[in-house]
């Protein structure tokens with residue numbers, strides 16, 4: 001019996017020469033987009049991918065044209081929404097709840113960590129929301145950069161480039177500090 005068909009395969013591809021981020025690494029499972037990293041080498045991204053998804057094979061990302069196109073359009077300022085399947089099954093239930101609320105924050109708007117906590121029925125979990133946001137495996141597509149502190153300050157940003165990148169993404173969206 002051939003067990004290779006039981007091993008999940010993750011496809012990987014690289015998007016280059018895009019505004020703000022320069023290089024974006026993407027990976028997808030058969031269910032959808034599973035990881036995004038930017039301003040990092042393919043080698044480092046693949047090492048992290050194998051570490052996170054230990055029982056998976058990684059192959060070159062043929063067939064990821066839609067993902068590449070939508071990310072390029074967003075970073076060039078011509079796309080405001082993504083319509084991509086996402087694979088979040090490797091996350092905890094709480095992380096999935098948080099990220100499902102975050103993905104609904106509209107382009108050009110922001111929401112606070114506390115507001116996300118209230119939206120998921122956990123009004124005292126603002127710090128935990130920040131932690132789940134910091135471990136977002138799909139930044140940009142799940143727009144964790146739109147989540148800010150209750151006082152209107154940027155809060156944190158664990159993506160490559162830190163708050164500088166968060167500011168640039170919010171500027172790209174022409175955010176007016178509107179809360180959800």
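The values are calculated or read from the model by the stated rules, or taken from the named source; none is laboratory data. Fair warning: this is a prediction, and the values are worked out from it, not measured in the lab. As a convention, Cβ positions derive from the backbone with ideal geometry for all residues, glycine included, and neighbour counts pool all protein chains shown.
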* Asked: assigned to a loop (DSSP other than H, G, I, E, B), under 26 Å from residue 155 (Cα atoms) and within 12 Å of the chain's Cα centre (by Cα) - does that describe any residue in the range 107-116?
  -> no
* **Test for residue 18: is it touching a residue at least 24 places away in the same chain (Cβ under 8 Å), in contact with a strand residue (DSSP E or B) (Cβ under 9 Å, 6 or more places away or on another chain) and surrounded by 12 or more Cβ atoms within 10 Å (Cβ to Cβ)** => yes
* To do: Sort out which residues of the range 117-136 are part of a helix (DSSP H, G or I) and either touching a helix residue (DSSP H, G or I) at 6+ places or on another chain (Cβ under 6 Å) or closer than 26 Å to residue 83 by Cβ (or both), and write them in order of number.
  => 117, 119, 126, 129, 130, 132, 133, 134
* **Given (1) touching a strand residue (DSSP E or B) at 6+ places or on another chain (Cβ under 7 Å); (2) modelled with pLDDT of 95 or more, index of the condition residue 180 fails** => (2)
* Filtered residues of the range 59-87 (kept if touching a strand residue (DSSP E or B) at 6+ places or on another chain (Cβ under 8 Å), in a loop (DSSP other than H, G, I, E, B) and farther than 15 Å from residue 173 by Cα) -> 61, 62, 63, 64, 84, 85, 87
* Asked: Looking at (1) within 17 Å of the chain's Cα centre (by Cα); (2) free of Cβ contacts under 8 Å to residues at least 40 places away in the same chain, which is the one condition that is false for residue 125?
  -> (1)
* Residue check, residue 80 closer than 24 Å to residue 149 by Cα, assigned by TED's automatic domain parsing to the domain that holds residue 137 and in contact (Cβ under 8 Å) with a residue 24 or more places away in the chain -> no
* Asked: Is it the case that residue 148 is under 16 Å from residue 91 (Cβ atoms) and either at pLDDT 95 or above or surrounded by 21 or more Cβ atoms within 10 Å (Cβ to Cβ) (or both)?
  -> no
